[in-house]
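Some notes on the structure that comes next.
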Amino acid sequence: MSGWFLIDWKSPERTLVGTLTDVHNSGDFPPTQDHDSLLIIVPNADEPNQALLKNRRGRPNDGGVIECEVNVVRNDQVDGPETFENWVSSLIGSEVTAKGVFVEDEGHNDKTELHPLDIIVAQVDGSILPGDWITRVAQQHGLEVGTGLFAYRFGAAADNRKGGGFLGTALAQWTRPTSVRLALPPQPASGGTPAAELQIGFALNASAEVSTKVDASTGAGVATVAVTCLGKDYGGPGFVIGEAVAYWSADRQLALSAFDLDFGTLGVGESSTRTLIVRNTGIQAVQVTIPSDAPWDSPFSWNAVGPVSLDIGQELTIGISFSPLHAGTHHGRLTVTSDTPASPQEVSLHGKSHGGTPPQ
């Protein structure tokens, strides 16, 4: 049986930055195993991260790695360990930031660990949630993921240590809110306001939120993901997985209700209509033009708009018709031009038609 020594009672949580190399479960067979989720991190080469490899006696961990462990809840609702491990495994090979309780494992050569692990986060290049919401946000603001918009993925959990011979790790049973700071891209020359958005992949007895500010000392934009996972003795244990984005929001912004409109399948001579909403979501008026520039033989049509000025919060509703005159697959494009940094914004149109009776 392992025992854990809490290295600093006054400030038990530590932040580790390094490369995630492995995620696995310790299993529950033979009985001495405890079903922990184990994340292996190689600390960065700088002194603060390398210092976390050494225990109280100055002995470094074997292999130059730090194990981060947490016993995620498993119940009738969810297989927490599998859900959590599959999620954070997507970060293997990435530079991650991990926070947790810094302990020595007295049952394993006094190696240092983050145990329990509270949260892990890394920058990513896209979403693994259904619908790829990160790409949609980037399109909405005319930004590129990785340059004008930074995307992040995170996982957090409270420990569900078993009873009996498996004593809880230090502070494991408590609800201990934690947070991680995320960088924004450099502020563009046009200025703007720091902004961030968050999507939850799954949450059980836990919550997460994101906020932004400008660092007064550097002028850089900073986002903070704050997470609360209820402790085992306080209504938990809980865990949460999710993604966040951080970017500079321009003063002039247009939000489109869709960037892809599917009109389905119609017979030749039939017609259907879809609606596009264009809304001013910025803090200044926006000049908008929507030309009706579809080719003469296109089955898609709409009324041209503008130029027109949209005040803050004002919106336009555009009706787009699909009236195929011959069978096949049809594609079109509607373009919204404006005086926003995202201009022009394009909406893809597509529909299919089968044989039918054309209009006489």
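Observations, loosely collected:
- Residues being at pLDDT 90 or above and surrounded by fewer than 23 Cβ atoms within 10 Å (Cβ to Cβ) - total across the range 105-121: 1
- The listed residues are SER272, SER257, and the only one of them that is surrounded by 13 or more Cβ atoms within 10 Å (Cβ to Cβ), of a type in the set (Ser, Thr, Tyr) and farther than 30 Å from ILE128 by Cβ turns out to be SER272.
- Among the numbered conditions (1) of a type in the set (Asp, Glu); (2) in the same structural domain as ILE320 (by TED's automatic domain parsing); (3) not in a loop (DSSP other than H, G, I, E, B), the only one that ASP293 does not meet is (3).
- Residues satisfying the stated conditions in the range 28-81, i.e. assigned to a loop (DSSP other than H, G, I, E, B), on the phi > 0 side of the Ramachandran plot and surrounded by 11 or more Cβ atoms within 10 Å (Cβ to Cβ): HIS35
- Contact map, the range 309-334: residues that are in the same structural domain as ILE283 (by TED's automatic domain parsing) and at positive phi paired with residues that are in a strand (DSSP E or B) and small (Gly, Ala, Ser), Cβ distance under 8 Å, separation 6+ or inter-chain. Pairs shown: GLY328/SER353.
- Pairing each residue of the range 86-115 that is assigned by TED's automatic domain parsing to the domain that holds ASN55 and assigned to a strand (DSSP E or B) with any residue that is surrounded by fewer than 23 Cβ atoms within 10 Å (Cβ to Cβ) and basic (Lys, Arg), provided the two are 6+ apart or on different chains, yields C-beta distances under 6 Å for PHE102/ARG14; ASP105/LYS111.
The values are calculated or read from the model by the stated rules, or taken from the named source; none is laboratory data. Please read these numbers as outputs of a predicted model, since none were measured by experiment. Heads up, the Cβs are rebuilt from the backbone with ideal geometry, glycines too, and the neighbour counts pull from every protein chain shown.
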